[in-house]
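The values are calculated or read from the model by the stated rules, or taken from the named source; none is laboratory data. Every value quoted in this text rests on a predicted model; they were computed, and no experiment measured them. Virtual Cβ from ideal backbone geometry, glycine too; neighbours counted across all protein chains shown. Note: areas computed on protein heavy atoms with side chains; ligands, DNA, RNA excluded. Shrake-Rupley method; radii C 1.70, N 1.55, O 1.52, S 1.80 Å.
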Amino acid sequence: MHHLASREFIVQGSAAVAALAVFNSQFAQAFPSGAGETVIPWLDQPQPNPVPAVIQSQLVWEDMDSWVTPNEKFFSIAHFDRPSIDVNAWKLEIDGLVKKPLSLSLADLKARPRQEVAFTVECSGNHGFPFFTGGIGNARWAGTPLAAILEEAGVKENGIEVVFWGTDVGDIALKDNNRDVKMHQNFARSMSLADAMSPNNILCYEMNGAALPQPNGSRCGSSPPDGMALPMSSGSSASRYAIRAS
């Protein structure tokens with residue numbers, strides 16, 4: 001598999017995830033062509049994608065005909081691999097600086113209060129490369145609030161951030177004047193505790209009314225493990241295939 005470091009996306013791209021208020025706006029209309037009309041392609045078309053195994057299903061702007069991006073057309077990025085997950089064995093571990101560590105199955109999450117939110121996800125590296133201009137999509141997500149789980153675990157007073165670890169793993173090389181190391185690690189993203197406690201954040205297990213698809217969190221069809229849906233925060237804060245928060 002070709003590799004494109006997620007670090008490059010963050011450095012060269014602009015982080016962006018925003019709530020999409022226009023979902024419920026009277027001005028939010030789809031873009032169907034009228035009879036006899038032809039969509040004229042943009043002149044500044046992106047270059048061919050040299051890493052199709054890493055970047056998949058980019059948004060084709062001229063093909064937009066709805067505010068909601070269909071699941072099969074929603075972009076995905078492989079930071080490392082694209083793991084296959086056994087949902088029957090999957091658990092989300094809540095540990096670290098908490099008073100009550102938790103271990104939650106998918107059934108446990110689905111038994112908790114359900115919350116739905118519609119918002120836009122944009123990769124932090126979108127437009128950071130001449131071949132990457134479609135890393136954005138709108139969806140209606142469903143899951144359970146993250147804040148309630150953290151409250152149940154009881155974050156200790158010296159806890160200041162929450163780190164989300166994914167199942168996807170890979171190698172990262174760090175080389176400069178002081179170090180030359182290679183680490184094998186799970187993909188991870190962190191956010192401040194204050195941001196994590198926002199009532200808008202959910203641990204997501206559904207996307208547009210269907211089970212969360214593999215490219216956006218699971219390879220399993222009927223009962224996928226959760227991803228993170230974090231409106232009003234950096235796109236780089238989202239970890240798919242999540243197995244641990246600490």
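Label-to-label distance, Val60 versus Ile40, with points set 7 angstrom from Cα along the beta-carbon direction: 2.0 nm. For the stretch 119-166, GluC sites (Glu not before Pro) are listed when DSSP marks them as loop and at most 16 other Cβ atoms sit within 10 Å of their Cβ; the list is Glu157. What the stretch 43-198 shows is 53 Å² of accessible area per residue, with the surface traced by a 1.4 Å probe over protein heavy atoms. The solvent-accessible area of His127, taken with every protein chain present and a 1.4 Å probe, is close to 120 Å².
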